[in-house]
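All remarks here apply to the structure that follows.
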Amino acid sequence: MFELINSYLERLLWNPRHSEGSDPRQRVTRGLRYPYAILRDALEGQLTLRAMSLVYTTLLSVVPLIALSFSVLKGFGVHQELEPLLQNFLMPLGEKGAEVTARIVEFVDNVRGDLLGIVGLVFLIITVVSLIQKVEEACNYVWQVERPRTLARRMTEYLSILLVGPVLMVAALAMIASIASSALVSRIATIEPFGTTLLFVGRMGPFLLVIFTFSFLYGFVPNTRVQVSSAFVGGVTAGVLWTLTGKLFASFVATSAQYSAIYSGFAIGIVALIWVYLSWLILLLGADVAFYHQNPLALRGGRSTPDPGGAARERLALAVMYLVATDYVQGKPGWTTATLSARFATPSRVLGSVQRALHRHGLLLETEDGRLVPARDLSRITLADVIGAARHAHGVQEAHATGLPHVDAAMDEIESAIGGAVRDRTLRDLVGGDPPKAPE
C-alpha cells in the first residue's frame, strides 16, 4: 500500500505539466515536492536512527560540554548566564525542566578542574568533540557527503566552536537585554506604534536567536559549501518546528500525570530524553530542508539517486580533470567537491565515486583545505588514463574474457579504437588546445 501511494504521489508531483509555468496550481504542486521529500526521508528511518544515536552521545557529553563552556564563560566573568540558557532549552519540560537544570548544574559544579588532571581534561575534550563529530556525520549523511573533515580541521574547527560559541551566545543575550533596558529604548517605547513594535521584537528575540543558531549549524557543520539562503531556510524551518513542538510538548507534560505514576522517579529522565530526541530530529529535518533547497534536483530521488552510467561517468571524470587543470594552470584557488557538485548539478555522493577513482589512479589530489589539484604534471596525464580511471570507479580493474570468441574480439576492437583515438592526447593538450569542431 505504501509503495502504491508513493508511486501515485511521484506521478502527481512530477507530472511534466507542472515542471514549468506560473499557474497557481503548478506552483503549489511544485512546492508540495518539498514536504513530500522530507516526509519520505523521515519514514525511511535513517534520520530517526541518527537522532537516537545523538541522544545517546548527548547523555555522555552533556556534562563535559557544559563544564567546558562554564570554564570559558568564567574567564569572561559571565558564567552565571549559562544556567538560564540551559533552563530555556528545557522549558518545554515545565517544572521538571528547572529540576533537570539544577541537577546538571550540580554535576558541573562537581567537575573540578584542579582535580581532573591532564588525563581527565583530555577525556572531557574527547567526549565533547565526539558529540560534534556525530552531529557532523549526521549532517553529512543528509547532505550526501561521504568524506568527513580531516583530523586537523576537526580539532581546529571543533575547538573554535567550543571556545567561541558560548561566548557569542551569551554576548547576544546580554546585548538584547542591555538594549531593552536602555533609557532611549524606554522613551521610544512610550511612543506608538514604536512601543508595540519593540514589544513584538522583544518577544521575537529568543525565537530569532534559535533561528540564527540553527542556520549557523547548517552552514558550518556539513563538510560542504552551503549557501547562506539554504542555511537560512533550513534554520527558519527548524526554528518554527522547534518552537511549535516545544509548546505542544509543554502542554502534554503539564496535562499528563500518568507518566509520573508509571515511571515514578525515572519520569524526569525519560521526559528529558524524549525532548532531546525531538530536538535532534528537528535539527536533522531542518538540515534536510536546507539540502533540498540547495539541490532541488534531488527532491525526487533523494539518496536513491542512481549513479551515472559508464559513458556519463567517463564524461564527468574528463570534465572534472579539465576544470581542475584549467584553474591550476591559471593560478586560481581551485575547485572543491562542493563547487563541482553545484557546477554539474550532481549530488556529492555521485561525484565522490568518480573523484575517488581519479585519486586511486594517481590523477587527482585534495589539499588540506579541500581544494582539488592534479596529482602530476599535465603532460603526463593522458585522456586514456582519465577514461580508464572512470571505468574503474567501482573498483573493477579489468574486463574479464567471456569465453565467446566473437564477443571478445568485438570488445577488443572497440577498446583498441577508443584507446587509439585518445592515446596521444594529454590533459595539457585538452586545457591549452582549441575545442574541435562538431561533425557536420
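The values are calculated or read from the model by the stated rules, or taken from the named source; none is laboratory data. Bear in mind the structure is a predicted one, so any value in this text is a computation, not a measurement. When we count neighbours, we look across all protein chains shown, and the Cβ atoms used for this are built from the backbone with ideal geometry, even at glycine.
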(message) Take the residues in segment 14-45 that are exposed (fewer than 11 other Cβ atoms within 10 Å of the Cβ) and of a type in the set (S, T, N, Q); name whichever of them is modelled with the lowest pLDDT.
(response) S19
(request) Look at segment 338-381 and say how many of its residues are closer than 20 Å to L427 by Cα, of a type in the set (S, T, N, Q) and surrounded by 20 or more Cβ atoms within 10 Å (Cβ to Cβ). (result) 1
(request) Inspect all residues belonging to segment 317-329 and state whether any of them is within 26 Å of N140 (Cα to Cα), outside any helix (DSSP H, G or I) and under 24 Å from the mean Cα position of the chain (by Cα). (result) no
(message) So in segment 98-143, with the set limited to residues that are buried (at least 17 other Cβ atoms within 10 Å of the Cβ) and of a type in the set (F, W, Y), which one is modelled with the lowest pLDDT?
(response) W143
(request) Pairs only if they're at least six apart or on different chains, beta carbon under 7 angstrom, first in segment 317-344 and at pLDDT 85 or above, second polar (S, T, N, Q); list them, first residue then second. (result) V320/Q355
(request) Identify, by number, the condition in (1) modelled with pLDDT under 70; (2) touching a helix residue (DSSP H, G or I) at 6+ places or on another chain (Cβ under 7 Å) that P64 doesn't meet. (result) (1)
(request) Just give me the residues in segment 389-420 being over 19 Å from A311 (Cβ atoms), of a type in the set (A, V, I, L, M) and either assigned to a helix (DSSP H, G or I) or at pLDDT below 70 (or both), in sequence order. (result) A401, V407, A409
